[in-house]
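Enquirer: Can you read through this structure? Questions will come right after.
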Amino acid sequence: MGYIVELEGVNKIYGSNHVVRDLELKVEEGEFLTLLGSSGCGKTTTLRMIAGFEEPTTGSIKVEGEAIEEKEPFERNVNTVFQSYALFPHKTIFDNIAYGLKMKKVPKPEIKKRVTEMMELVQLEGFEKRYPSQLSGGQKQRVAIARALINRPRVLLLDEPLGALDLKLRKQMQLELKRLQRKLNITFIYVTHDQEEALTMSDRIAIMHDGVLDQLGTPTEIYEQPKTKFVATFIGETNIFDGQINDIKGSDISVVIENGYISGRGDGFKTGEYITVSVRPEKLKFAETPQEGFTVPALVKDYIYVGSIIKCIVSLPNGNELKIERLAGEKLPDIGSTIYPYWNREDAVLIHNRDNMVFETIDSITFN
Amino acid sequence: MEKAHSKHNWKSNTLPALVTVGPLTLILVLLVAIPLIYVVVMSFCSIDQYYNVEFKFTLDNYKRLISPDYMKIYGQSLLIALVTTLLCILIGYPFAYIIARTKSKKKRLLYMLVIIPFWTNSLIRIYGWRTFLGNNGWLNSILQTLHITNEPITFLYKQGTTVLGMVYCLLPFMIFPLYTALEKLDGSLLEASSDLGAKPLVTLREIIIPLTSGGIFSGSIMVFIPCLGYFFVSDILGGGNSDVIGNLIERQFQSGNNWPLGAALSIILIAVTLILVRIYKKMGGDMESLGV
Ligand SMILES: Nc1ncnc2c1ncn2[C@@H]1O[C@H](COP(=O)(O)OP(=O)(O)O)[C@@H](O)[C@H]1O
Ligand SMILES: [Mg+2]
C-alpha cells in the first residue's frame, strides 16, 4: 500500500521554541488518521506544514511521493478545513463552495452541477443564496467541508473542525464526517484534542506530546498497549504506579513501589529498571487479604456514579488514589474498609520510564 | 410622594445627562452650528458698491456660481481631486498592506514613518516642495551638476505639481482607514483562498479588495473632500490652471472682499461633502472610520 503523505525528520522551530521534533509520519492512502494531543503540542503546526502554510525548519514532506516543499499552497492537491471555518463573508454559500472550481476555470454549467451535488451530499440544499453570517455553526461547518471537498483533494486536512460545536451536534457531525470519508475514499488527517473523538473516528491515531510523536497505532493498540506514560494517561482513564523491577521470572515481572509489591507481565525489561505500570479501572480487582505478588493495602474512600457505571475511589498509604470501575449492581467493597487491589498480570501495561537514566544516575551516587 | 419620586428621577437621569452632554452640545453649537448658520445667511446677502455686506436677500450669489468660468474650475478641481484620490489608493494600499501584515517592531517603525510627517505643518512641507522643485531648487541643481540638463526644468506651476502636493499632504488620510481595514482582515481567509487554488493576485481581487472596500471608500472620502479645499497647495505649487474650489472661496474672502459670494461658494463645498458622505453611508460605510 502506498503512502500518500510522508513526513521525514520534520522539525519546526520558532525562535527558541522547538514546536515539532523529529517527526516521522507515514499516512496511508484512504485512511482516517488523527493527530491527537493536548493544546499547544504542535498539532496545528504539523497540519499547516502539510498544507504548505508553514515550512519545516528541517526535514521533508512528500505528498503522493512528490516533495512539496517548493510547491505553494495553491499548487497542492491537499485541502484544508479551518478551525474557524474561514468562510468568505462577502460571498454566498454557493460562491464559497464554488471557489475552488472557479480557480481551476471549470466551465460554469459543470460548476453548477458539482456545487449542487456537493450541497446535497452535506445536506445544505436551499442555502445557495445565503451568506455565511446567516448560518448556524453546524451549517457553516458543512460549508467549510463542502468547499474543501469539491476540489476532490487526495488529502483533506481538518483542524479541530468540530471544536466550536455543542456536544450533541459534535457527535452527529462525527458520524457524518466518517460517513463522508468512507464514501469519498479520501485520506483524512484530522486534528483534535478530544480523545473520545479520536477513538471513535480514526483508523489510526498519532499521539503528540510536546512536539514529539509518542505513539502511532490503531485505537485499540493505543488503548491497550500505550507505549508511554503520557499515552496511558491521555487515552481513557487509568491507574498509574511508578516503581522499580525487583524480580523477573520468565515474563512475570514483580515491581516494588511505595508500601509493597505489584506484578505484571511483559518482555524486554531488566531487573533494577524503573518502570511505570498502568492498569485500567475496569481491570482492577480487590481482595481482603494480600494476593500473590500484590501486597499494597488501600482504603476505600468514596463512590461516584456515572450513569450505569460506578467508580470506587480507594487511596494508597502514600495518598495516591486509584479508581475501580464496575457496572452498577456489581459487588464493591464498603466505604472505610481496607482492601488489597490486584489484577490479572496480563492486564497491566508495563512502560519503560523515560526518566530511567536520571534515577540510575541518582542511584549510582554513593553516600559515605 | 409623587413629587419626591420625580425629583429623584431628575437628579438621577437628567442632571448627569445635562452635566456630561451639556458642555459638549454647547461647544458644538458655538463652533459648528452658529458659524454654519452665519455662512448660510451670508450667502443670501448682497453687497453695496463699496463691497460692504448688506442684509438684503438676494439669489445673485448663487446665480454667479453657475457662470462658465466657475464651472470650468469646478471641473478642474474635481479632476484634481479624483486623480489625487486614485494616486493615494495606488500608493497607500500596498503601503497599508505592508504595515498591517508586518509583525512586531518593524510595524511600529513603518507606522511612525507615516505619522511623523503628518504631525508637521503641511504648509511648511508644501513650501519644502517648492524649494526642492523650483527653477533654482535642489532638484534642478542636482540635475545640472550631473549634466543631465543644462537649462533648469520647470517643475512648478503645473497641474501635476498640485496633484503631487495634494497626494503628499493627504496620503496619511488614505493610509489610516486602509490600515484599519487590512488589520481587521482575517489571515485565515487568505490562507483558505490560497488553499483552494487562488494565486496571490487572484486572492487580492477576490478576497482582500472586496473585504477592505469600506476602508478604500472612507479613505477616498477623506482625501477627495479636503482636496477640493486645499487652496494653499495650488497657491504654492500650482500654476494658473490648477485652481481648486478652495482657491475661489479664499479669493472672495481675501482679495475679492466679496463675502456673500465666498459664502455661497462654501455652501457648494459643504453640499458636495454632504452628498459624498450620504453615498458613503448608503453603501454601508460606518461613520467611525471617517473619524466622525
Ligand atoms: N507562528 C508562530 N510563532 C511562534 N510560535 C508559534 C507559532 N505558531 C505556533 N507557535 C507555538 O507552537 C506551539 C504549538 O502550537 P500549535 O501547533 O498551534 O499547537 P496545537 O495545535 O497542538 O494546540 C505553541 O507553543 C505555540 O505557541
Ligand atoms: Mg491547534
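The values are calculated or read from the model by the stated rules, or taken from the named source; none is laboratory data. Quantities reported herein were computed from a predicted structural model and do not represent experimental measurements. Ideal geometry is used to build each Cβ from the backbone, glycine not excepted, and the neighbour counts take in all protein chains shown. Ligands, DNA and RNA are excluded from the accessible area calculation, which covers all protein heavy atoms including side chains. Shrake-Rupley method; radii C 1.70, N 1.55, O 1.52, S 1.80 Å.
Enquirer: Within 16 Å of ligand 2 (Cβ to nearest atom), within 14 Å of chain B (Cβ to nearest Cβ) and small (Gly, Ala, Ser): is that true of A:Ala164 in this structure?
Expert: Judged against the criteria, A:Ala164 is a match.
Enquirer: What number of residues within segment A:1-17 are part of a strand (DSSP E or B), within 9 Å of ligand 1 (Cβ to nearest atom) and over 15 Å from A:Leu47 (Cα atoms)?
Expert: Total meeting the criteria: 2.
Enquirer: If A:Lys102 meets every condition in (1) open to solvent by 10 Å² or more (accessible area, probe 1.4 Å); (2) part of a loop (DSSP other than H, G, I, E, B) apart from one, which number is that one?
Expert: A:Lys102 satisfies every listed condition except (2).
Enquirer: Is there a residue in segment A:182-205 that is in a helix (DSSP H, G or I) and either basic (Lys, Arg) or at pLDDT 95 or above (or both)?
Expert: yes
Enquirer: Here is a follow-up. State yes or no: is B:Thr58 more than 22 Å from B:Leu261 (Cβ to Cβ) and not basic (Lys, Arg)?
Expert: Judged against the criteria, B:Thr58 is not a match.
Enquirer: Quick one: which of B:Ser234, B:Ser266 is farther than 22 Å from B:Ile126 by Cα, crowded, with 22+ Cβ neighbours inside 10 Å and in contact (Cβ under 8 Å) with a residue 40 or more places away in the chain?
Expert: Just a single option satisfies the conditions, and that option is B:Ser266.
Enquirer: Please enumerate the residues belonging to segment A:32-70 that are away from ligand 2 (no atom under 14 Å from the Cβ) and buried (at least 16 other Cβ atoms within 10 Å of the Cβ).
Expert: Scanning segment A:32-70 gives A:Phe32, A:Leu33, A:Gly52, A:Pro56, A:Gly59, A:Ile61, A:Lys62, A:Val63, A:Glu64, A:Ile68.
Enquirer: Go through (1) within 30 Å of B:Gly262 (Cα to Cα); (2) within 11 Å of another protein chain (Cβ to nearest Cβ) and name the single condition B:Ile225 misses.
Expert: Of (1) within 30 Å of B:Gly262 (Cα to Cα); (2) within 11 Å of another protein chain (Cβ to nearest Cβ), only one is false for B:Ile225: (2).
Enquirer: Evaluate segment A:138-150: report whether one residue or more is over 19 Å from A:Asn77 (Cα atoms), within 16 Å of ligand 2 (Cβ to nearest atom) and free of Cβ contacts under 8 Å to residues at least 40 places away in the same chain.
Expert: Within segment A:138-150, not a single residue is over 19 Å from A:Asn77 (Cα atoms), within 16 Å of ligand 2 (Cβ to nearest atom) and free of Cβ contacts under 8 Å to residues at least 40 places away in the same chain.
Enquirer: Quick one: is A:Tyr99 in the same structural domain as A:Met49 (by TED's automatic domain parsing), within 16 Å of ligand 2 (Cβ to nearest atom), of a type in the set (Ser, Thr, Tyr) and under 30 Å from A:Tyr3 (Cβ atoms)?
Expert: For A:Tyr99, the condition - in the same structural domain as A:Met49 (by TED's automatic domain parsing), within 16 Å of ligand 2 (Cβ to nearest atom), of a type in the set (Ser, Thr, Tyr) and under 30 Å from A:Tyr3 (Cβ atoms) - is not met.
Enquirer: If I go through segment A:93-108 residue by residue, how many of them are touching a residue at least 12 places away in the same chain (Cβ under 8 Å), within 12 Å of A:Val143 (Cα to Cα) and not hydrophobic (A, V, I, L, M, F, W, C)?
Expert: Going through segment A:93-108 one residue at a time, the tally reaches 2.
Matching residues to (1) touching a residue at least 60 places away in the same chain (Cβ under 8 Å); (2) open to solvent by less than 30 Å² (accessible area, probe 1.4 Å); (3) outside any helix (DSSP H, G or I):
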position	(1), (2), (3)
B:Leu156	yes, yes, yes
B:Tyr168	no, no, no
B:Ile209	no, no, no
B:Phe217	yes, no, no
B:Val223	yes, yes, no
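Enquirer: Residue by residue through segment A:24-57, note down the ones that are polar (S, T, N, Q) and in contact with a helix residue (DSSP H, G or I) (Cβ under 9 Å, 6 or more places away or on another chain).
Expert: Those that are polar (S, T, N, Q) and in contact with a helix residue (DSSP H, G or I) (Cβ under 9 Å, 6 or more places away or on another chain): A:Thr34, A:Ser38.
Enquirer: Sticking with this one: Checking the structure you have, find out if any residue of segment A:116-135 is under 16 Å from B:Ala192 (Cα atoms), assigned to a helix (DSSP H, G or I) and either among the acidic types (Asp, Glu) or not assigned by TED's automatic domain parsing to the domain that holds A:Thr192 (or both).
Expert: For segment A:116-135, residues under 16 Å from B:Ala192 (Cα atoms), assigned to a helix (DSSP H, G or I) and either among the acidic types (Asp, Glu) or not assigned by TED's automatic domain parsing to the domain that holds A:Thr192 (or both): absent.
Enquirer: Would you mind telling me which numbered condition in (1) part of a helix (DSSP H, G or I); (2) closer than 23 Å to B:Thr85 by Cβ; (3) open to solvent by less than 50 Å² (accessible area, probe 1.4 Å); (4) at pLDDT below 85 B:Tyr179 fails?
Expert: (4)
Enquirer: Among the candidates A:Val106, A:Val78, which residue alone is more than 16 Å from ligand 2 (Cβ to nearest atom) and touching a strand residue (DSSP E or B) at 6+ places or on another chain (Cβ under 6 Å)?
Expert: None of the other options fit; the residue is A:Val78.
Enquirer: What pairs come out if I take residues in segment A:33-44 that are touching a residue at least 12 places away in the same chain (Cβ under 8 Å) and pair them with residues that are in a loop (DSSP other than H, G, I, E, B) and more than 10 Å from ligand 2 (Cβ to nearest atom) whose C-beta lies under 7 Å away, six or more apart or interchain?
Expert: A:Leu33/A:Ser202; A:Leu33/A:Asp203; A:Thr34/A:Ser202; A:Cys41/A:Asp210; A:Cys41/A:Gly211; A:Gly42/A:Gly211
Enquirer: Separate question: Filter segment A:13-30 down to residues that are crowded, with 19+ Cβ neighbours inside 10 Å and either free of Cβ contacts under 8 Å to residues at least 60 places away in the same chain or more than 16 Å from ligand 2 (Cβ to nearest atom) (or both) and give me whichever is farthest from A:Asn79 (Cα to Cα).
Expert: Among them, the one singled out is A:Leu25.
Enquirer: Considering only residues that are without any contact (Cβ under 8 Å) to a residue 60 or more places away in the chain and facing chain B (nearest Cβ under 9 Å), which ones fall in segment A:55-82?
Expert: Listed by number, the residues that qualify are A:Glu72, A:Pro73, A:Phe74, A:Glu75, A:Arg76.
Enquirer: With the condition kept exactly as written, say whether any residue in segment B:207-219 is touching a Ser or Thr at 6+ places or on another chain (Cβ under 7 Å), at pLDDT 90 or above and either closer than 26 Å to B:Tyr127 by Cβ or of a type outside the set (Gly, Ala, Ser) (or both).
Expert: yes
Enquirer: Additional query: Counting just the residues of segment A:25-54 that are within 14 Å of chain B (Cβ to nearest Cβ) and outside any helix (DSSP H, G or I), which one comes out farthest from ligand 1 (Cβ to nearest atom)?
Expert: A:Gly52
Enquirer: Ok, one more. Could you list all residues from segment A:228-247 that are open to solvent by less than 50 Å² (accessible area, probe 1.4 Å) and either closer than 15 Å to A:Arg345 by Cα or of a type in the set (A, V, I, L, M, F, W, C) (or both)?
Expert: If the condition is that a residue be open to solvent by less than 50 Å² (accessible area, probe 1.4 Å) and either closer than 15 Å to A:Arg345 by Cα or of a type in the set (A, V, I, L, M, F, W, C) (or both), then A:Phe230, A:Val231, A:Ala232, A:Phe234, A:Ile235, A:Asn239, A:Ile240, A:Phe241, A:Ile245 are the ones that fit.
Enquirer: How many residues does segment A:93-110 hold that are more than 13 Å from chain B (Cβ to nearest Cβ) and not basic (Lys, Arg)?
Expert: The number of residues fulfilling the criteria is 5.
Enquirer: Regarding segment A:184-192, can at least one residue be identified that is surrounded by fewer than 17 Cβ atoms within 10 Å (Cβ to Cβ), in contact (Cβ under 8 Å) with a residue 60 or more places away in the chain, more than 16 Å from ligand 2 (Cβ to nearest atom) and not aliphatic (A, V, I, L, M)?
Expert: Yes, because at least one residue in segment A:184-192 is surrounded by fewer than 17 Cβ atoms within 10 Å (Cβ to Cβ), in contact (Cβ under 8 Å) with a residue 60 or more places away in the chain, more than 16 Å from ligand 2 (Cβ to nearest atom) and not aliphatic (A, V, I, L, M).
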